[in-house]
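Reading through the structure tokens given below for one structure.
Just so you know, all these numbers are worked out from the coordinates, no wet-lab data involved. Bear in mind the structure is a predicted one, so any value in this text is a computation, not a measurement. Using ideal geometry, Cβ is built from the backbone for each residue, glycine included, and neighbour counts are taken over all protein chains shown.
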Amino acid sequence: MLAPFDPPLRALMGPGPSDAPPSVLRAMSAPLIGHLDPRFIDAMNEVRTMLQQILRTTNEVTFALSAPGSGGMELCLVNLLEPGDEAVVCVNGVFGGRMADIVERCGARLHRIDVPWGRPVLPDDLAPVLARVRPKLVAVVHAETSTGVRTPLEPLSELTHAAGALFVVDAVTSLAGIDVRVDDWRIDALYSGSQKCLSAPPGLSPVTIGPAAMEAVRRRRTKVQSWFLDLTLLAGYVTGGAGRIYHHTAPVAALLALHEALRLVLVEGLEARFERHRRVHEYLREGLEALGLRFVVEPAYRLPHLNLVWAPEGVNEAAIRRELLDTYGIEIGGGLGEFAGKAWRIGIMGGSCTLGHVDRLLAALRRLLR
Ligand code: PLP
């Protein structure tokens, strides 16, 4: 007979998930209720209202998709694109590359803008492409988790709308860590993830779809190839208010955990939360630099909560990460792509963004690098 699975205690300081506050974990152990129970519908409605506040949007179609961030990515693209449509995807890391892959799977014509990893996507990268093609949408990753880079969205949104296209944003790693303003920045479709700066368990993807994007979905000539992600079918469940109708069985416990996580974000206040991430980042930066570690990304585009630093020359970076995990119970991430084997990704997201987390990591690194 197998023993019950007993996960070890970790400090989660990698690219996600982050440490979830105790009340978020407790929310998952509440007795189950049905996914159409009027009390659960109340919780879903509250999740929507809180997401609208955190995303700074009045979009009616705002909900937590029953899927991880990749599901939200797929939902946005499969609903907005039909075979033969043209789409521009900006790629400056792993997740832009994933969007490009999905665009091709939709049968759309992909115009891929490759930007060196470690730097943001800038207007000068996008403008020449929009001078040549008239895409239906432009997609970009706000916070590239594979490199720790923040791409400023407003100028890209302006160019996109001037070209008559929809602006699609990946905010998986940015939401609740740095500012995300859906309405002010005219973002037409956006998806995020529950497990990064929101500090809820993985498995849900906050999504918001604006009126122009919903209109594009309604005007489709062909059915969305995915039944599960088809917004025209999903909308009755995710936006129905008291009249929500069955579409699929929502992950009740995960949604109640997200409800608590969103509530905590609003209790703290968005500005205070961003300030906490900035403050703890500075503390981490000073400590890492005192150990002789150097940042990869230039300061203006650094994410405060996902820090890419070069591993010291001649050090087996994977062995250090393993030792951090096994001996100190601290998880950090390795580099991806051209940074694989050369850099570390240190996350201080949401519940993991405390001076205590940073002290613990710095003390362990100090011993291991000695
Ligand atoms: N987009 C970005 C920027 C991410 O960081 C991630 C996950 O790390 C994803 C998309 C995919 O999210 P998930 O792993 O929850 O499917």
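Does region 111-175 come out rounded, prolate or oblate by the C-alpha gyration tensor, with a ≥ b ≥ c the root eigenvalues, rounded set by a/c under 1.5 and, if not, prolate when a/b is larger than b/c and oblate if not?
Numbers: a/c = 2.13, a/b = 1.55, b/c = 1.37.
Prolate.
How high is the FRET efficiency between V267 and E86 when r is their beta carbon distance and R₀ equals 56 Å, given to the nearest 0.05? Show your work: numbers first, answer last.
Details: r = 44 Å, r/R0 = 0.78.
With R0 = 56 Å, the Cβ-Cβ based efficiency is 0.80.
Suppose the chain between E282 and D114 were pulled fully straight at 0.36 nm per residue; how much longer would it get relative to their current alpha carbon spacing?
57.4 nm
Could you point to the residue in L36, P21, V88 farthest towards the positive end of region 20-111's charge dipole, with +1 and -1 charges on the Cβ of Lys/Arg and Asp/Glu respectively?
Value computed over the given set: P21.
Rule-of-thumb check for the chain: C-alpha Rg over 2.2 N^0.38 Å?
Working it through for the chain, the quotient is 0.99.
Would you please name the chymotrypsin sites (Phe, Trp or Tyr not before Pro) within region 1-90 that are DSSP coil residues with at most 13 other C-beta atoms within 10 Å of their C-beta?
Numbers: sites: F5, F40, F63; in loops: F5.
Taking region 1-90 and a limit of 13 other Cβ atoms within 10 Å, the loop chymotrypsin sites (Phe, Trp or Tyr not before Pro) found are F5.
Please give the FRET efficiency for A318 paired with R366, using the beta carbon to beta carbon distance and R0 = 30 Å, rounded to the nearest 0.05.
Working: r = 19 Å, r/R0 = 0.64.
That gives a FRET efficiency of 0.95.
May I ask you to order 355-364, 123-132, 8-17, 253-262 by the average number of other C-beta atoms within 10 Å around their residues, highest value first? Present the calculation step by step, with values, prior to reporting the outcome.
Numbers: 355-364: 16.8, 123-132: 14.1, 8-17: 19.2, 253-262: 23.1.
The most tightly packed comes first, giving 253-262, 8-17, 355-364, 123-132.
What ranking of C353, C106, C76 emerges when the number of other C-beta atoms within 10 Å of each C-beta is taken as an exposure proxy, fewest first?
In order of increasing Cβ crowding within 10 Å: C106, C353, C76.
Please give the contour-minus-distance gain from Q53 to R221: 0.36 nm per residue of separation, less the Cα-Cα distance, rounded to one decimal in nm.
Stretched fully, the Q53-R221 segment lengthens by 57.1 nm.
Kindly put W185, W310 in sequence by how many other C-beta atoms sit within 10 Å of each C-beta, fewest to most.
On the way: W185 21, W310 16.
Ascending Cβ contact count within 10 Å gives the list W310, W185.
Could you name the lysines in cross-link range of K136, using Cα to Cα under 26 Å and dropping any fewer than eight places away on the same chain?
K223
Within region 152-181, what residues put their amide N at less than 12 Å from the label point 7 Å along the Cα-to-Cβ vector of R134?
Inside the label zone: 163-165.
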